[in-house]
There are 2 protein chains.
Amino acid sequence: MVDTAQLFSTEVTDAVAEADVDTAADMGPIGSADAPDAPVVNVGALSRQLLGTWAEARLAARELTARPEMQRIEGLSMDEHRTRVFGQLKILAAEGQVHRAFPRTLGGFDDHGGNIAGFEELVTADPSLQIKSGVQWGLFGAAVLHLGTAKHHDELLPPIMDLRVPGAFAMTEIGHGSDVARIGTTATYDTEAGEFVLHTPFRAACKDYLGNAAKDGVAAVVFAQLISQGVSHGVHAFYVPIRGADGALLPGIGGEDDGLKGGLNGIDNGRLHFTNVRVPRTNLLNRYGDVAADGTYSSPIASPGRRFFTMLGTLVQGRVSLDGAATAASALALTIAIRYGSERRQFTAGSDSDEEVILDYQRHQRRLLPRLATTYAHTFAHDEFLVKFDAVFSGAADTDEDRQDLETLAAALKPLSTWHALDTLQEAREACGGAGFMAANRLVGLRADLDIYATFEGDNNVLLQLVAKRLLTDYSRSFAKAGFGVLARSAVRQARDRAYHGSGLRSLAQTVVDFRSTARSVGALRHPDVQRALLTDRVETMIAEVAAKLRPATKLPTKQAADLFNSQQNELIEAARAHAELLQWEAFTRALDATADAGTRQVLTWLRDLFGLGLVEKHLAWYLIHGRLSAQRAQAVTAYIDRLNARIRPHALDLVTAFGYSPEHLRAPIATGIERERQNEARDYNRNLRASGTAPVAEKSTTKR
Amino acid sequence: MVDTAQLFSTEVTDAVAEADVDTAADMGPIGSADAPDAPVVNVGALSRQLLGTWAEARLAARELTARPEMQRIEGLSMDEHRTRVFGQLKILAAEGQVHRAFPRTLGGFDDHGGNIAGFEELVTADPSLQIKSGVQWGLFGAAVLHLGTAKHHDELLPPIMDLRVPGAFAMTEIGHGSDVARIGTTATYDTEAGEFVLHTPFRAACKDYLGNAAKDGVAAVVFAQLISQGVSHGVHAFYVPIRGADGALLPGIGGEDDGLKGGLNGIDNGRLHFTNVRVPRTNLLNRYGDVAADGTYSSPIASPGRRFFTMLGTLVQGRVSLDGAATAASALALTIAIRYGSERRQFTAGSDSDEEVILDYQRHQRRLLPRLATTYAHTFAHDEFLVKFDAVFSGAADTDEDRQDLETLAAALKPLSTWHALDTLQEAREACGGAGFMAANRLVGLRADLDIYATFEGDNNVLLQLVAKRLLTDYSRSFAKAGFGVLARSAVRQARDRAYHGSGLRSLAQTVVDFRSTARSVGALRHPDVQRALLTDRVETMIAEVAAKLRPATKLPTKQAADLFNSQQNELIEAARAHAELLQWEAFTRALDATADAGTRQVLTWLRDLFGLGLVEKHLAWYLIHGRLSAQRAQAVTAYIDRLNARIRPHALDLVTAFGYSPEHLRAPIATGIERERQNEARDYNRNLRASGTAPVAEKSTTKR
């Protein structure tokens, strides 16, 4: 964006430079959208593909979110915003949109995937609406559904479904967020009274950040340490009324309003604490653990640890939906920024020519198009994730292993998509300049609301560490009895074990045969097998390396073992991230097989390559250090990414249009064509001025005379 | 943060792993804060050093910002916030705090550096206050001061200084932000009337995003194309009254309120447009260009291009102060997050031990400590920048070259520090979990306000491209007549040309002698000469490579030349970033020389190494591709960073305390020790419970019996 004419007048030398341009040239010609054989994206078909498995649920939700009364109004006070969102929840309840996941017997549809798909779309109306309805039906209601039994379902679910009973999901405490097992609230069974006594023993055990707690909630599912007959059976969930008909907190229950937050201010987050609050024995949501009238505890799951993880696992849908909602927000942000970037002009290449469209600048492409590729990858990965979720929750494929795989998938994908959304919203904001900072153009508001997605429903770093732990466990299972040379052997094994695991976890045994020589050959980087090999090998090698370093831990005292583990924490989390990236790349690649239209498939293939090579570029040092890429080939990665950006640029508008968001969803003046109109007006003005003969001449031209 | 005990029970294999731990081990023992010879930071002395050259101005401003009436109240409506901030501006005016930069003759102090230093500190009270006072005195007032002449100073400045005349700085238009030269507003001289006629010819030429425009401004400095006698002389500034005593816009002036923004809502940004608005000829701020009564144009600067850049150059202080304010915000964010991270506990290493302090986790250190190192680097670099600024504006060193150097420095540092602040505020927010999302803990509000710093006073990407252009120009000057082998020759030359340029621009001739062999030797990475060599060489090589690629441009038609330039845009911007990083590293290294206390110097040296090696790690692929680091050495970089983090961790609290912000500046409940209090309360409770003999036993222990 400098005055290039001026730049070119400076003499540059012929100093040595490694001509990576030549290296990139062997990767095939750059397609041009203007060329007669340029591929064309079938926007309608692509749009249908992006809607995924539960397209109808999504479309129905989008019809709803296109209605003005469901949408956020910028600039409301916190109180006004809360009132508006609560009113919108009543509309959702009345329309039955949010009841798909509930049992048919109670008016639901037992449609778990469709429910989440529709729910995610609410983010385009207002993330506060999405999360508040998530609290009501996805957490509070779902806890009753999944942790309770028939009696709870029959009595409690109907008023939860129709919002007669708004409720809070009281799990997190001030002192314990990620480490739920250590919460301090107690629920002590009083045999004589046949009641549980809920109690907050100290301030750190106050329930905090709970949606519906500050104002609207009349009940809560409270997680507490269940104690009966002097034995603590760990965390269980209890149904606890918290407010009376007058809206006041019931006796023994205290609470405070969390007040203003960085976003999501349409939700009344607050604190709750209990002073010997009594509830009937049957208020224990007793699917996974029960207390008989005489105080005898029983559970279908013998191990307290497994029981705890099973209970928490039923609530995985929060993470599923955040993954989808964050991806929708990224799509929205890119639609706005790419539309604006396709119209906005600034600076000229020559002195008197028309100004350049900013998306034609290499840097602008670099800022937006790789993020577009990532958003596509996340969209495809999310749909597979949702299919897996539906299979588990519908019971179609609901083994212990399925549930563990689902949780690992959730822990892998949610961090990447929520971070990506924040990154994309910010880059889109900056790419729209001052206009991007105006609340009316929505990017800043969405970013403020989605900020918390990175740490709720599981802190992203903690989640990735869970993934890493699973990878380590799988690794140790595969290789427990192997000695040296195990990696070499695994390279052989992979030839007969290429199937994608339903779990989304590629087997760590799947190393790829000698891709190293391939990766050095000309044009190899655009071959999907090479991309897959590079990405897979990195995950496997990282895990193997960490595992080797942790090996002495088994022989160390606890403290030193913990220190050793801690010394690998960063690397472990990076390995988990690499694993999640691989899953997304695989999903994108499978989506290509499902793309029938040749032109669309061509453009999507470039986009997938951009995603894959973007990952390789991000981790380029690793590939070089580990000898997976030569320096020359590594340099070609960046050059090829630049070329892919240039190839994709003519299709950028089609690619964001295919996300399918209408002006009612975008609601950003800068995405409406207003910029182009203003430019046309200015151009007409100047043309008429010149035609009139009254245009002033430039000082520069007068001095030249 | 997983259950490590469980992890360690899984068997891990002895698969091959490159033992970079051994490589790192030769870099010397890890210091321990508990060890008798551990260095101790002299917090008082370090705090004084961080305050920099204008310590007194900073301390005075901090006294002011500690006053509750100067501080932001979270949750105000936009109107309330605007009213509050305008009231705070009146206090600033009454206290004379913001007049330091104005002439002594008018009650100022001609103290340019001190003025900016104090001004920057306002960010801790409320960024809206900082920016609104920046609009009034740093832009509107400064334009009158620097672009006007004696008559303007005498008549206009006193009411600007005491806020009788709040004003807008009307430069940016909807259609032109970064490319100011192309703004559309015209100021046509009417010889008969002796007046300029200001006019907005089309919508894209509306002035937009102007602070003080929506509500408080009664005048504006308006930038417009000056036309006289049919000749356009380019952009000039005019003093234009915009509102009457009744607060209504004057005839011919239209305007709209920009409404809600992503942040800075204490400022009344708005739009202004002009329909043949007449001002006296003498309202032209005529220091760099004047029109005589008969319409004759004259200027002390013959070249219209140079004249334009000279005029804009007088307004560089906006960028200077954003650099400082952003760095202060980073310091504040890290103070909050590191205090909280030093108290907060979550998860245990063993099953029954005390929970771990989260800053003891390797990942948490990785998230916060390198950002602390960067914030230190930015702090030291900013002070040098301010010294340079003061030298130019006081006239002590005010040649054309000085001004160009200053502008390049501003264009290099402002992008990095504003992006760093956003990144740091976000990481700090996430590191504080849900508590970080509460408005009361300030991180989200500061981030929302600072968002726009990345694109105002010059879009960060555009600014970096300006830097790159300067680097290319310098490069071509140095090597215009050199042919092949020039890099080799420059390597010799650097031995006699090591002085740091006052401009902050290291000469591109300063390549470093054969550091390559050094970099491979043991322990070399902690040697400052090696770090300098690595960072310097990268800037030089990147620029040389781009220059070589651009060389054919001189022989190409404009369009192809522009395309060629565009193909290198991303690389150019990265080179500029590398240059800025080098400047910051140099400033940090010079600061070490000024650190008298040995213990402090030791810890700061680790911190500087962390900054330097963090840069090397970030660009590791480049160093590997270009053969500057061996794979083994490259791998050691990451291992050494982990060790540095562990070394610095015991000093982290001292290092943030040294920023010198008191509770009145922090105003974040989580930074007050409240977390530790709650933990002590919980610990006491549990201890008493155990002592009482009524503590429940864990189910696990009962089954074992």
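Values in this text are rule-based calculations from the coordinates and carry no lab data. In this text, all values refer to a predicted model and were calculated from it rather than measured experimentally. We place every Cβ from the backbone using ideal geometry, glycine too, and count neighbours over all the protein chains shown.
Dipole orientation for the protein assembly as shown: of the candidates A:TRP137, B:VAL546, A:GLY395, B:VAL546 has the Cα lying most toward the positive pole (charges on Cβ; Lys, Arg +1; Asp, Glu -1).
With only alpha-carbon atoms in the gyration tensor, what are the semi-axes of the equivalent ellipsoid for the stretch A:103-246, in Å, largest first?
Working: eigenvalues 147, 68, 41 Å².
Equivalent ellipsoid of the stretch A:103-246: 27, 18, 14 Å, largest first.
Each other copy places its own label point for B:ASN276 at 8.5 nm from this one, sorted shortest first, where the point lies 7 Å along the Cα-to-beta carbon line. Convex hull of alpha carbon positions in chain B: directionally averaged projected area 37.7 nm².
Whole-Hz Karplus values for the stretch B:44-58 come out as x, 5, 5, 4, 4, 5, 5, 5, x, 5, 10, 4, 5, 4, 5 Hz, taken residue by residue from phi with 6.51 cos²θ - 1.76 cosθ + 1.60 and θ = phi - 60°; glycine and proline positions read x. With no solvent and one equal point scatterer placed on each C-alpha of the stretch A:55-315, evaluate the Debye formula and give log10 I(q)/I(0) for q = 0.11, 0.12, 0.13, 0.15 Å⁻¹, two decimals. Evaluating at q = 0.11, 0.12, 0.13, 0.15 Å⁻¹ gives log10 I(q)/I(0) of -0.59, -0.70, -0.82, -1.07. Exposure proxy for A:GLU95, B:GLU195: other Cβ atoms within 10 Å of each Cβ, ordered fewest to most, give A:GLU95, B:GLU195.
You can think of it this way: the chain between A:ALA596 and A:ALA302 has 100.8 nm of extra reach, that is 0.36 nm per residue less the Cα-Cα gap. The sum of -39500 (n - 2.57) across all DSSP H runs of n ≥ 4, divided by the residue count of chain A, sets its helix-only mean residue ellipticity at 222 nm to -16500 deg cm²/dmol.
Rounded to the nearest 20, the size of the Cβ-charge dipole of the protein assembly as shown about its Cα centre is 1680 debye, with Lys and Arg at +1 and Asp and Glu at -1. Using θ = phi - 60° in the Karplus curve 6.51 cos²θ - 1.76 cosθ + 1.60, the 3J(HN,Hα) couplings for the stretch A:253-260 round to 10, x, x, 9, 7, 5, x, 5 Hz; x is entered for Gly and Pro.
Sorted from closest to farthest, the other copies place their B:PRO557 label points 8.0 nm away, with each point set 7 Å from Cα along Cα→Cβ. Charge tally for A:ASN441 (other residues, Cβ to Cβ under 12 Å; Lys, Arg +1; Asp, Glu -1): +3. Cα gyration tensor of the stretch A:120-184, axes a ≥ b ≥ c as square roots of the eigenvalues: rounded (a/c below 1.5), prolate (a/b > b/c) or oblate? Note, shape of the stretch A:120-184 comes out oblate.
After finding the eigenvalues of the alpha carbon gyration tensor for the stretch B:210-343, what semi-axes result from the square roots of 5 times each, listed largest first in whole Å?
Over the Cα atoms of the stretch B:210-343, the ellipsoid semi-axes are 38, 23, 10 Å.
An ellipsoid equivalent to the stretch A:318-657, defined through the eigenvalues of its Cα gyration tensor, has semi-axes of 36, 24, 19 Å when rounded to whole angstrom and sorted largest first. Sequence-ordered 3J(HN,Hα) estimates for the stretch B:133-147 from the Karplus curve with 6.51, -1.76 and 1.60 and θ = phi - 60° stand at 6, x, 4, 5, 9, x, 10, 4, x, 5, 5, 5, 5, 8, 9 Hz, glycine and proline given as x. Charge tally around B:ASP258: other residues with Cβ under 10 Å, Lys/Arg +1 each, Asp/Glu -1 each, net -2. Exposure proxy shown here: for A:LEU92, A:LEU198, the number of other Cβ atoms within 10 Å sets the order, fewest to most, as A:LEU92, A:LEU198. Once the chain from B:LYS618 to B:ASP529 is taken as fully extended at 0.36 nm per residue, the excess over their C-alpha distance is 30.2 nm. Summary value for chain B: 16 percent relative contact order, contacts being C-alpha pairs under 8 angstrom separated by 6+ residues. Could you compute the FRET efficiency for B:ALA695 and A:GLU192, with r as their C-beta to C-beta distance and R0 at 22 Å, rounded to 0.05? With a Förster radius of 22 Å, E is 0.55. The Stokes-Einstein estimate for the protein assembly as shown, based on a Kirkwood radius over Cα pairs and taken at 37 °C with 0.692 mPa s viscosity, is a diffusion coefficient of 99 µm²/s. Taking the charge dipole of the stretch A:55-315 about its Cα centre, with +1 at Lys and Arg Cβ atoms and -1 at Asp and Glu Cβ atoms, the residue from A:GLY194, A:LEU249, A:HIS233 reaching farthest to the positive side is A:HIS233. If only the Cβ of Lys and Arg carry +1 and only the Cβ of Asp and Glu carry -1, the dipole of the stretch B:55-315 around its Cα centre is close to 300 debye. Placing a pseudo-label 7 Å from each Cα along the Cα-to-Cβ vector at B:ALA150 and A:LEU106 gives an inter-label distance of 8.6 nm. The amide H of A:ILE227, built 1.01 Å from its N in the peptide plane, has A:ALA187, A:THR188, A:TYR189, A:HIS233 as neighbours under 5 Å, considering only residues 5 or more places off or on other chains. With both labels modelled 7 Å from their Cα along Cα-to-Cβ, the B:ASP257 to B:LYS559 distance reads 4.8 nm. Going from the fewest other Cβ atoms within 10 Å to the most, the residues A:ILE301, A:ILE183, A:ILE267 appear in the order A:ILE301, A:ILE183, A:ILE267. Amide H contacts of A:LEU285: A:ALA237, A:PHE238, A:TYR239, each under 5 Å away and 5 or more positions distant or on a separate chain (H built 1.01 Å from N in the peptide plane; Pro and chain starts excluded).
Under the combined filter of DSSP loop state and at most 10 neighbouring Cβ atoms within 10 Å, the stretch B:132-237 retains these trypsin sites (Lys or Arg not before Pro): B:ARG164. Given R0 = 45 Å, the distance between the Cβ atoms of B:ASP423 and A:ALA292 translates into a calculated FRET efficiency of 0.25. If a spin label sat at a point 7 angstrom from the Cα of B:ALA631 along the line to its beta carbon, the backbone N atoms of the stretch A:531-570 nearer than 18 Å would be those of A:533-546.
Label-point spacing at B:PRO158 relative to the other copies reads 8.1 nm, in ascending order, each point sitting 7 Å out from Cα along Cα→Cβ.
Neighbours of A:ASN276, meaning other residues whose beta-carbon lies under 12 angstrom from its beta-carbon, give a summed charge of -1 when Lys and Arg score +1 and Asp and Glu score -1. By its C-alpha gyration tensor, with a ≥ b ≥ c as the square roots of the eigenvalues, how is the stretch B:621-705 shaped: rounded for a/c under 1.5, else prolate for a/b larger than b/c, else oblate? Note, shape of the stretch B:621-705 comes out oblate.
Peptide A:360-367: average number of partner chain Cβ atoms within 10 Å per residue?
For peptide A:360-367, the averaged partner shielding equals 5.
Only Lys, Arg, Asp and Glu carry charge here, each on its Cβ (+1 for the first two, -1 for the last two); on that basis chain A has a dipole of about 960 debye about its Cα centre.
Could you tell me which residue out of B:GLY305, A:HIS665, B:ALA377 lies farthest along the dipole of the protein assembly as shown toward its positive end? Charges go on the beta carbon: Lys and Arg +1, Asp and Glu -1, centred on the Cα centre. Farthest towards the positive end: B:ALA377.
B:ALA245 to B:ALA181: extension gain in nm, 0.36 nm per residue of separation minus the Cα-Cα distance?
19.7 nm
Close amide-amide hydrogen proximity is noted between A:GLY108 and no other residue 5 or more places distant or on a separate chain, at a cut-off under 5 Å (H modeled in the peptide plane; Pro and chain starts excluded). For the pair B:ASN688 and A:ASN276, a Förster radius of 25 Å applied to the C-beta separation gives a FRET efficiency near 0.90, rounded to the nearest 0.05.
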